Amino acid sequence: MSKVRVLVGTRKGAFVLASDGKREKWDVSGPHFAGWEIYHVKGSPVDPNRLYASQSSSWFGQLIQRSNDAGKTWEPVGNKFVYDGIPGTHQWYDGTAHPWEFKRVWHLEPSLTDVDTVYAGVEDAAMFRSTDAGANWVELSGLRGHGTGPQWAPGAGGMCLHTILIDPSDPQRIFVAISAAGAFRTDDGGQTWRPITKGLNSVHIPDPAAEVGHCVHRIAMHPERPGVLFMQKHWDVMRSDNAGDSWHEISGNLPTDFGFTIDVHAHEPDTVYVVPITSDSLHYPPDGKLRVYRSRTGGNEWQALTNGLPQSDCYVNVLRDAMAVDSLDSCGIYFGTTGGQVYASPDAGDNWAPIVRDLPPVLSVEVQTLT
Amino acid sequence: MIRVVLPAHLRTLAKVTGEVQLDVPGEVTTRSVLDAIEARYPMLSGTIRDHVTQQRRPFVRFFACEEDLSHGSVDTPLPDAVTAGREPFIVLGAIAGG
């Protein structure tokens, strides 16, 4: 019997939601690490019992927790994130040079092939790798040091590396996204990097087509078609058909093309999901209606999915790491809100129901499909 | 024996309840007490002071004998009452909010 485990990071702890393949009844465990901000929890594709969690607070800094039993027990592992060499400066909000300072881990991406290797995307933006299950962390400094680093500037949420996508067909190829520096790709396992922003157009920066400076909110790929990428930029939903070498807009008929999260159906590489948010100054859904939009055509033609979602007086946000899909035959879609709800659809978005309604604000949602 | 009071979240992290009692070799200073805390409870490394700079985290304070020791030198000997174990060295998570 298949099972699903939803890993939820919130402002006040982590939660594990578990169900069988019907996805109707859920067991809720947590809060784990009560009172701490949990930016991300993710399981290893190699061993689903191995979980990694990013735990932080403004008082006590960053911790990394590791579980070997699917979240029943946890142990703190290495939390020493030290930039390679002299970190130098990036641009501050006012355009002045500001020293690189480690603040927190936004995203943990376990290796597709090695249970003890895991990547961390951090603020101020950089990528680290551990090859000993989180005990020690080494910066892949070719990203921060590839040349444009001094031009990077933080978005409103900080200068965070929030997206890490490993190409399943070539683990040496990794995509990352940084707010508000843009998107980058390595083809040599993280040694060298280059911006992949051709075709992005951001009117809120001095040169709308600049190589860096784009506020990329999230990138998603289908694992069987890793050359095709979907991006929710600050404004604009974008697509690349050549591994990021160039992008074109697919916002189409969306009510607004601002938003944070984006994901792809587990079995249909051209079925894409976004949650449109009114604007960068109004971080809630248009018209107070929480609507997921689905394109079955790889973009441009979008359908509102509303069945089971609040269609009046709803003013929550859905953050960039707060949507995920399972890989059961009938693909499940999940997302969490800043109002503490985690919604699930067991039928690819046609129907939705809340798993939980009253968690702390949800920062991240990941799903494990267990067979 | 040096008595140390940790904030609630760090007690949970270190899996301790109540005060912590530590042997602190040599001169008893803020630095040597923190060294002893981190040696006994490695999971607390980086939570009270920065790994690299060894600077106190901004929202953490050090109190003892009704004095705020946060801004003094970490190498100044702590009060005799702390050294003798009559008073605890308090690591405090600063109150923030409104």
Filter the strands (runs of 3 or more DSSP E) completely within the stretch A:1-86 down to those with at least 2 residues that are β-branched (Val, Ile, Thr) and within 22 Å of A:Gly336 (Cα to Cα). A:3-10, A:37-43
The stretch A:135-155: number of residues that are of a type in the set (Gly, Ala, Ser), closer than 27 Å to A:Ser58 by Cβ and out of contact with any Asp or Glu (no Cβ under 8 Å at 6 or more places or on another chain): 4
Result of the Cβ filter at 9 Å on the stretch A:182-196, keeping first residues that are without any contact (Cβ under 8 Å) to a residue 40 or more places away in the chain and on the phi < 0 side of the Ramachandran plot and partners that are polar (S, T, N, Q) and surrounded by fewer than 20 Cβ atoms within 10 Å (Cβ to Cβ), at least 6 apart or interchain, is A:Asp187/A:Gln172; A:Asp188/A:Gln172
Quick check on the stretch A:72-79. Is at least one of its residues crowded, with 19+ Cβ neighbours inside 10 Å, facing chain B (nearest Cβ under 9 Å) and touching a helix residue (DSSP H, G or I) at 6+ places or on another chain (Cβ under 6 Å)? yes
The stretch A:42-71 - residue that is within 14 Å of chain B (Cβ to nearest Cβ) and over 22 Å from the mean Cα position of the chain (by Cα) and, of those, surrounded by the most Cβ atoms within 10 Å (Cβ to Cβ): A:Phe60
In the stretch B:85-98, which residue that is part of a loop (DSSP other than H, G, I, E, B) and modelled with pLDDT under 95 is farthest from the other protein chains (Cβ to nearest Cβ)? B:Gly98
For the stretch A:323-339, how many residues are surrounded by fewer than 20 Cβ atoms within 10 Å (Cβ to Cβ) and within 22 Å of A:His40 (Cβ to Cβ)? 3
Search the stretch A:1-24 for residues that are closer than 19 Å to A:Leu363 by Cα and pair each with any residue that is charged (D, E, K, R) and part of a strand (DSSP E or B) when their beta-carbon atoms are under 7 Å apart and the residues are at least 6 apart or on different chains. A:Leu7/A:Lys42; A:Leu7/A:Glu366; A:Arg11/A:Glu37; A:Val16/A:Arg5; A:Ala18/A:Lys3; A:Ala18/A:Arg5; A:Ala18/A:Asp27
For the stretch B:34-66, what are the residues that are out of contact with any helix residue (DSSP H, G or I) (no Cβ under 6 Å at 6 or more places or on another chain), closer than 14 Å to B:Leu92 by Cβ and more than 14 Å from chain A (Cβ to nearest Cβ)? B:Phe63, B:Glu66
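Yes/no per residue for (1) of a type outside the set (A, V, I, L, M, F, W, C); (2) in contact with a Ser or Thr (Cβ under 9 Å, 6 or more places away or on another chain); (3) closer than 28 Å to A:Ile64 by Cβ:
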position: B:Thr17; (1), (2), (3): yes, no, yes
position: B:Val20; (1), (2), (3): no, no, yes
position: B:Val28; (1), (2), (3): no, yes, no
position: B:Leu34; (1), (2), (3): no, no, yes
position: B:Phe59; (1), (2), (3): no, yes, yes
position: B:Gly72; (1), (2), (3): yes, yes, no
position: B:Pro77; (1), (2), (3): yes, yes, no
Determine, yes or no, whether B:Arg11 is among the basic types (Lys, Arg), within 14 Å of another protein chain (Cβ to nearest Cβ) and out of contact with any Cys (no Cβ under 9 Å at 6 or more places or on another chain). yes
Being away from every other protein chain (no Cβ under 12 Å) and either closer than 24 Å to A:Val365 by Cα or in a loop (DSSP other than H, G, I, E, B) (or both) is the requirement here; does A:Gly95 meet it? yes
Could you name every one of the strands (runs of 3 or more DSSP E) located completely within the stretch A:248-328 that has at least 3 residues being over 20 Å from the mean Cα position of the chain (by Cα)? A:303-305
The stretch B:14-33, residues that are surrounded by 18 or more Cβ atoms within 10 Å (Cβ to Cβ) and more than 10 Å from chain A (Cβ to nearest Cβ): B:Val20, B:Leu22, B:Val24, B:Val28, B:Thr29, B:Thr30, B:Ser32, B:Val33
Name the residue, out of A:Asp245, A:Asp207, that is in a loop (DSSP other than H, G, I, E, B), free of Cβ contacts under 8 Å to residues at least 60 places away in the same chain, farther than 24 Å from A:Trp92 by Cβ and not hydroxyl-bearing (Ser, Thr, Tyr). A:Asp245
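The values are calculated or read from the model by the stated rules, or taken from the named source; none is laboratory data. Keep in mind that this is a model prediction, so the values were computed, not measured. For neighbour counting, all protein chains shown are included, and Cβ atoms are generated from backbone atoms with ideal geometry for every residue, glycine included.
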